[in-house]
Amino acid sequence: EAGVVQSPRYKIIEKKQPVAFWCNPISGHNTLYWYRQNLGQGPELLIRYENEEAVDDSQLPKDRFSAERLKGVDSTLKIQPAELGDSAVYLCASSLDALNEQFFGPGTRLTVL
Amino acid sequence: AQRVTQPEKLLSVFKGAPVELKCNYSYSGSPELFWYVQYSRQRLQLLLRHISRESIKGFTADLNKGETSFHLKKPFAQEEDSAMYYCALSGRNTGNQFYFGTGTSLTVIP
């Protein structure tokens with residue numbers, strides 16, 4: 001079992017460009033999380049999915065961020081257009097359900113120039 | 001508001017010395033508290049959760065509702081304990097929203 005898979009691991013883009021991150025959770029995990037982690041800070045939840053339904057997206061900046069989890073498995077997080085302040089590590093995590101342990105992916109380190 | 005505070009960004013202790021990483025929280029109701037750890041070049045992973053009431057790698061944490069604290073303790077620190085530690089909170093009152101603290105970087109000096 002590879003655990004939670006994320007790609008790409010690193011991404012460098014210029015501001016105003018679009019970017020997308022992909023996450024494949026552990027098989028059988030119904031709950032999927034996207035976090036953003038700024039330098040020197042803890043992870044901040046952006047959105048949580050229960051199967052294919054987004055049940056908590058209150059921290060997602062909806063003017064430029066979007067996410068989807070088609071078929072309740074893989075998920076994609078998109079930023080369009082990216083801003084300098086979006087530079088961060090984007091973490092994906094999954095769990096059997098919202099009450100169980102979260103398993104984290106390796107993260108995608110985004111640098112916006 | 002539901003928040004987690006880790007007052008120490010950096011903590012250094014000598015090998016064999018006791019270590020305590022502090023975590024305070026604010027929450028209306030009965031929270032679930034967790035400690036996550038990230039070793040160098042590894043993924044963030046769960047260390048322990050308060051409902052388990054177990055010791056992992058010699059670490060324990062007791063939920064003190066009176067002081068709203070969930071400090072992580074180990075009587076004798078080891079070099080392999082050097083890592084980043086995050087306290088986290090969840091609870092039904094917040095729809096199981098997850099909140100992480102800012103983390104404490106622990107260095108165990110040989």
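The values are calculated or read from the model by the stated rules, or taken from the named source; none is laboratory data. This structure is a prediction, so every number in the text was calculated from the model and none was measured. Quick reminder, even Gly has a Cβ in these numbers, built from the backbone with ideal geometry, and neighbours come from all protein chains shown.
Per-structure values
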{"quantity": "Any hit, the range B:77-95, residues being surrounded by 17 or more Cβ atoms within 10 Å (Cβ to Cβ), within 11 Å of chain A (Cβ to nearest Cβ) and among the basic types (Lys, Arg)", "calculated": "no"}
{"quantity": "Every residue from the range B:50-82 that is part of a strand (DSSP E or B) and closer than 20 Å to B:Glu8 by Cα", "calculated": "B:Phe59, B:Thr60, B:Ala61, B:Asn64, B:Ser69, B:Leu72, B:Lys73, B:Lys74"}
{"quantity": "Residue that is nearest to B:Gln78 (Cα to Cα), among those in the range B:19-35 that are of a type in the set (S, T, N, Q) and modelled with pLDDT under 90", "calculated": "B:Ser30"}
{"quantity": "Number of positions in the range B:96-110 that are assigned to a loop (DSSP other than H, G, I, E, B), at the interface with chain A (Cβ under 7 Å from one of its Cβ atoms) and at pLDDT 85 or above", "calculated": "3"}
{"quantity": "Selection from the range B:96-110 of residues that are farther than 30 Å from A:Ala54 by Cβ and crowded, with 20+ Cβ neighbours inside 10 Å", "calculated": "B:Thr104, B:Leu106, B:Val108"}
{"quantity": "Residue in the range A:11-34 that is surrounded by fewer than 16 Cβ atoms within 10 Å (Cβ to Cβ) and within 14 Å of another protein chain (Cβ to nearest Cβ) present", "calculated": "no"}
{"quantity": "Hey, A:Thr111 assigned to a strand (DSSP E or B) and in contact with an Asp or Glu (Cβ under 7 Å, 6 or more places away or on another chain) or not", "calculated": "no"}
{"quantity": "Enumeration of residues in the range B:17-45 that are more than 10 Å from every other protein chain (Cβ to nearest Cβ) and surrounded by fewer than 12 Cβ atoms within 10 Å (Cβ to Cβ)", "calculated": "B:Pro18, B:Ser28, B:Gly29, B:Ser30, B:Ser40"}
{"quantity": "Any strands (runs of 3 or more DSSP E) falling wholly within the range A:29-104 and containing at least 3 residues that are touching a Gly at 6+ places or on another chain (Cβ under 6 Å)", "calculated": "A:88-95"}
{"quantity": "Residue match in the range A:58-69 (condition: within 13 Å of chain B (Cβ to nearest Cβ), within 13 Å of the chain's Cα centre (by Cα) and surrounded by fewer than 17 Cβ atoms within 10 Å (Cβ to Cβ))", "calculated": "yes"}
{"quantity": "Matching residues, the range B:46-63, being out of contact with any Leu (no Cβ under 9 Å at 6 or more places or on another chain) and either surrounded by 15 or more Cβ atoms within 10 Å (Cβ to Cβ) or within 14 Å of chain A (Cβ to nearest Cβ) (or both)", "calculated": "B:Leu46, B:Ser52"}
{"quantity": "Positions within the range A:74-113 being more than 14 Å from chain B (Cβ to nearest Cβ), crowded, with 18+ Cβ neighbours inside 10 Å and over 16 Å from A:Pro18 (Cα atoms), in sequence order", "calculated": "A:Ser75"}
{"quantity": "Matching residues in the range A:1-18 - criterion: being over 17 Å from A:Gly107 (Cα atoms) and either without any contact (Cβ under 8 Å) to a residue 60 or more places away in the chain or part of a strand (DSSP E or B) (or both)", "calculated": "A:Glu1"}
{"quantity": "For B:Pro18: the one exception among (1) farther than 26 Å from A:Cys92 by Cβ; (2) within 13 Å of the chain's Cα centre (by Cα); (3) not β-branched (Val, Ile, Thr)", "calculated": "(2)"}
